[in-house]
Amino acid sequence: MAWYNNLLKRRKNLKIINDVHFLFESNFDLNKNELNNKISFIEHHMSHMASAFFASPFNESAILSIDAFGDFSSTVLGFGEGNKITKIEEVNFPHSVGQFYTAFTQYLGFHHYGDEYKVMGLAPYGKPKYLKEMEEILVIENDGLFHLNLDYFTHHTNGVNTTMLENNDPTPSLFFSKKFEKVFGPVRIKNEKLSQYHFDIASSVQKHCENTIFHLLKKLYNKTKIKNLCIAGGVAQNSVANGKIIQNTNFTNLYIPPAAHDSGTSIGSALFYYNQVKNMQRSPPMFNPYLGSESSNEEIEVLLKRKKIDYKKYNDNDLVNETAQLLFDGNVIGWFQGKAEFGPRALGGRSILVDPRRNDAKKLLNAKIKKRESFRPFAPSILEEFVNEYFEVDDKAPFMEKVLPIKTNMQNKIPAVTHVDGSGRLQTVNKINSPKYYALINSFYQLSGVPILLNTSFNENEPIVNVPEEALNCYLRTEMDVLVLGNFIIRR
Ligand SMILES: [Fe+2]
């Protein structure tokens, strides 16, 4: 009867989807029925797969969509050729790798929607001592797929509900069962000190998640026999797992879009409709994440004058050289340039930058701006040509989508961006896609001999700043030393 229940749920969802017209009308100030355009519904995993494959440089590719749930599926293995995607196999509700990871994220005391990256950050502090227990819960099957041992979960009986907190923070209901608590012990309460046990649990969860991904990819490769792979879905945000895929599978080429999670389904749905439904030819591959809003220097200057802020204007060349010198001199810099990045990562459009050679960078950033958990690493942006010199694997990661091991002899050269296990979640910076950011890192390289900057998102316990006024407010509110807003430099 599972299929029948799914059908009922799909019908219920359809009712919600029909409200899309209403949502458009109310948000864009349209009169009722003014919106005559037809709305097409694209299945969740087809959107995810399209966001990766149709944006990729591959004409043929294996595709994995791996998620919590979407349209009652959690995982889809697929194949893309030209402007068509076909499904090969799928795993349906209630079985899900994402749900497995989220249950442990909640157990470790992180309850907000999207907190899974914190478990990923904790994992290198522990050892995968509880792998056997994990294998009992998320069971790898001989046919190449997996299932959850439902004794440990509640989502299949209680549903997946999300509450919105006062500050619009979505928080899902708890997914783990009494048996889960019996086996793993008391749940970590908020602000409880993290112990070695918590680290080992995080490490075991991460390791088993990676093994499950490799297991699925083995099946996918055997079905497709293609060396190219595209991945999307919430679990594709697991940059640690992503960084290990080429070494642990038969795939040799990997593309992951800048927003592999649900926000990327906006691009995925558009691409699916354009390519697959309308049969249009593929567009050039997407390696440029800068799709958001931008402000001209004229608009920025009006803002600075209105706010009575002292500033100095520079041409492009002088701006990057002056900023590089300020970084070299030890300043924490807010860097706001061009269009905002699409997706969860700051990639040199809305970034806070620091000299990666500083031992005290983490402390400094936490004291001046970020105030975040001490176990979370900061990321390196590196000029594309130098990856081989600093990392064990010579690879590209334009969207900060992979964590790779840093060469042992380089780790003490860039301590601010080296995680406890010697890894770094790198962003490779390309001259064509990020010319100004490339020029800045290159200028810093001329001064320091290091072609890398510490790059963290431009925000302070808030969404990443989007417009100049938000960047200026963040600068004024925190102890950031310098703000580079378009071609203007603002100092304390
Ligand atoms: Fe999704």
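Test of understanding: extend the Cα→C-beta vector of residue 139 to 7 Å, then name every residue of segment 57-77 with backbone N under 20 Å from that spot.
74-75
Under 25 Å between alpha carbons, and skipping anything fewer than 8 positions from residue 84 in its own chain: which lysines qualify?
In chain and number order, the partners are 38, 218, 219, 223, 225, 227, 278.
Where in segment 33-70 are there chymotrypsin sites (Phe, Trp or Tyr not before Pro) that are in a DSSP coil and have at most 15 other Cβ atoms within 10 angstrom of their Cβ?
On the way: sites: 41, 53, 54, 58, 69; in loops: 41, 54, 58.
The qualifying sites are 41.
What does the extension gain come out to for residue 248 and residue 477, with contour length at 0.36 nm per residue minus their alpha carbon separation?
Values: separation 229, 0.36 × 229 = 82.44 nm, distance 4.55 nm.
So the extension gain works out to 77.9 nm.
Find the percent of Cα-Cα distances in segment 432-492 that exceed 15 Å, and round it to a whole number.
Details: 1096 of 1830 pairs.
Across segment 432-492, Cα pairs with separations above 15 Å total 60 percent.
Can you give the local net charge around residue 368? Use residues other than it whose beta-carbon is closer than 13 angstrom to its beta-carbon, Lys and Arg +1, Asp and Glu -1.
Details: positive: 358, 362, 363, 370, 371, 372, 477, 492; negative: 360, 460, 479, 481.
Here the count lands on +4.
Please work out how much length the chain gains when fully extended from residue 189 to residue 169, using 0.36 nm per residue of separation minus the C-alpha to C-alpha distance, in nm with one decimal.
Values: separation 20, 0.36 × 20 = 7.20 nm, distance 1.85 nm.
Extending this stretch completely gives an extra 5.4 nm.
Student exercise: in segment 295-380, how many lysine pairs 8 or more apart or on different chains have Cα atoms under 20 Å apart?
Details: 305/313; 313/339; 362/370; 362/371; 363/371.
Within segment 295-380, the lysine pair count is 5.
If each of residue 127 and residue 461 carries a label point 7 Å out from its Cα toward its Cβ, how far apart are those two points in nm?
In this crude label model, residue 127 to residue 461 measures out at 3.7 nm.
For residue 115 and residue 432, what is the calculated FRET efficiency with R₀ set at 41 Å and r taken between the beta-carbons, to the nearest 0.05? If you can, show how the numbers build up before the last one.
Details: r = 35 Å, r/R0 = 0.86.
Taking R0 as 41 Å, the efficiency between residue 115 and residue 432 is 0.70.
If you split all Cα-Cα distances of the chain into 10 Å bins from zero, what percentages do you get per bin, shortest first?
In order of increasing distance, the bins hold 4, 18, 28, 27, 17, 5, 0 percent.
Applying a 10 Å radius around every beta-carbon, put 300-310, 473-483, 347-357 in order of their mean neighbour count, most first.
Going by the mean number of other Cβ atoms within 10 Å, highest first, we get 347-357, 473-483, 300-310.
What distance in nm separates the simple spin-label points at residue 366 and residue 32, each placed 7 Å from Cα in the Cβ direction?
5.6 nm
Along Cα→Cβ, 7 Å out, is where each label goes; now give me the distance between the ones at residue 374 and residue 20 in nm to one decimal.
4.8 nm
Every number here is computed from the coordinates shown, using simple stated rules; none is lab data. Being a predicted model, the structure only gives us computed values, none of them experimental. Please note: Cβ atoms are built from the backbone with ideal geometry, for glycine as well, and neighbour counts cover all protein chains shown.
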